[in-house]
Amino acid sequence: MALMKDEVDIVIPTIRTLDFLESWRPFFQPYHLIIVQDGDPSKTIKVPEGFDYDLYNRDDINRILGPKASCISYKESACRCFGFLISKKKYIFTIDDDCFVAKDPSGKEINAVEQHVRNLITPSTPFFFNTLYDPYREGADFVRGYPFSMRSGVPTAVSHGLWLNIPDYDAPTQLVKPRERSTRYVDAVITIPKGTLYPMCGMNLAFDRELIGPAMYFGLLGDGQPFKRYDDMLAGWLSKVVCDHLGLGVKTGLPYLWHSKASDPFVNLKKEFNGLFWQEELIPFFQSVVLPKECTTAQQCYLELAKLVKENLASIDPYFIRLADAMVTWIEAWDEFNPPKPAAAAS
């Protein structure tokens with residue numbers, strides 16, 4: 001029986017036929033897929049038979065969102081956040097189409113969806129580090145000296161998985177280590193401490209959209225923008241700031257998947273050029289951001305961040321004014337498609 005079968009959507013951005021799904025059939029078939037087709041909407045994307053899915057292309061995005069479609073990136077994997085927006089499920093698992101089922105050291109195939117859900121339904125411990133990693137896992141617990149008042153943990157908003165084979169490197173590292181492969185399988189999940197940012201990779205990622213969905217915006221990148229291949233990084237920095245402010249947890253580690261295809265480092269270098277410089281200013285900014293205590297929802301936090309991005313980062317490049325405006329449009333679209341649930345009537 002698939003874990004949380006009716007509460008998970010799998011979101012896949014793609015420009016090609018989805019033969020990779022055959023590898024995932026035993027694990028994905030019980031779930032609903034949202035496929036976001038990037039690039040030319042007239043191109044036919046073939047999906048193997050037997051999967052429950054909805055497929056949206058750019059024409060669909062424009063039709064469904066109208067003027068607000070301007071916030072959804074084009075020719076960039078950031079288009080996946082359209083799937084986050086229209087999903088009605090509690091949990092999202094998003095994966096790239098060059099990722100396949102990995103095996104653990106015993107040779108057993110890894111059910112990435114199930115591991116992500118287990119990460120999300122168990123608490124996180126961002127305020128005090130447990131040296132035995134995940135204390136809620138079978139065979140582990142809180143170590144001596146861990147405050148009992150913190151042992152209940154906090155809700156987990158994000159589960160960040162890892163990859164075997166092709167590592168998630170930037171272009172300069174790809175160029176100097178063209179043959180390097182990720183071969184270490186570390187059987188661990190850890191909570192990223194409060195106040196610590198991390199490089200979030202979107203190819204193996206899950207989150208609780210009710211807790212953090214509004215902050216899982218992958219930005220305005222791709223076609224026509226000077227900022228490329230940083231969509232997941234941007235979403236990671238912004239969502240971590242929101243998680244820290246709201247007292248939510250972010251986990252990284254298991255599950256692993258098999259990343260099969262290295263992108264061209266020379267093409268990547270052209271795309272990443274601005275980001276390699278800009279990140280040296282962006283990261284200190286996100287590390288120092290303090291959100292007002294009046295911000296008590298992910299939407300309120302994100303709108304405040306949009307304002308701070310415009311005020312503090314526009315001096316780097318006018319692009320950040322457009323980004324801030326797109327962040328506001330994203331929240332407007334989120335509120336339109338995800339209206340607040342009515343409060344339960346008093347008995």
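Here Lys43 is the anchor, and the aspartates and glutamates within straight C-alpha reach of less than 15 Å, apart from those fewer than 8 places off in the same chain, are Asp59, Asp60. Remark: for residue pairs Lys5/Lys271; Lys261/Lys310; Lys5/Lys341; Lys228/Lys307; Lys271/Lys307, the C-alpha separation exceeds 32 Å in Lys5/Lys271; Lys261/Lys310.
What is the sum of charges around Gln29, taking Lys and Arg as +1, Asp and Glu as -1, for the other residues whose C-beta is under 11 Å from the C-beta of Gln29? Result for the neighbourhood of Gln29: -1. Stretching Ser182 away from Ser288 to a fully extended chain increases their span by 34.9 nm, per 0.36 nm per residue minus the current alpha-carbon distance.
Protein heavy-atom accessible surface, 1.4 Å probe, per residue over segment 195-276: 30 Å². If only the Cβ of Lys and Arg carry +1 and only the Cβ of Asp and Glu carry -1, the dipole of the chain around its Cα centre is close to 440 debye. Can you tell me the accessible area per residue over segment 1-57, all protein chains present, probe 1.4 angstrom, in square angstrom? The answer is 47 Å² per residue. Run the helix sum for the chain: -39,500 (n - 2.57) per DSSP H stretch of 4+ residues, divided by residue count, reported at 222 nm to the nearest 500 deg cm²/dmol. -10500 deg cm²/dmol, from helical runs alone. Label reach from Thr17 (point 7 Å along Cα→C-beta): in segment 237-263, no amide nitrogen lies under 14 Å. In this simple spin-label approximation, Lys307 and Glu210 carry label points 7 Å from Cα along the Cα→Cβ vector, and these lie 2.9 nm apart.
Taking a ≥ b ≥ c as the square roots of the eigenvalues of the Cα gyration tensor, segment 66-183 is classed as oblate, since a/c reaches at least 1.5 and a/b does not exceed b/c.
For the options Pro199, Pro265, Pro26, a Gaussian network treatment of the chain with springs between C-alpha atoms closer than 10 Å singles out Pro26 as fluctuating the most. Taking all protein chains in place and a 1.4 Å probe, what share, in percent, of the accessible surface of segment 106-258 do carbon and sulfur account for? Carbon with sulfur: 53 percent of the solvent-accessible area. DSSP beta bridges confined to the chain are antiparallel in about 40 percent of cases.
Between the alpha-carbon centres of segment 276-347 and segment 36-52 there is a gap of 31 Å.
Report, to the nearest whole %, how much of the accessible area of segment 1-102 belongs to carbon and sulfur atoms, 1.4 Å probe, protein only. Carbon-and-sulfur percentage of accessible area, whole number: 49.
The values are calculated or read from the model by the stated rules, or taken from the named source; none is laboratory data. Everything numeric here is computed off the predicted structure, so don't read it as measured data. All Cβ positions, even for glycine, are placed from backbone atoms using ideal geometry, and neighbour counts span all protein chains on display. All accessible areas refer to the heavy atoms of the entire protein, side chains included, with ligands and DNA or RNA removed. Shrake-Rupley method; radii C 1.70, N 1.55, O 1.52, S 1.80 Å.
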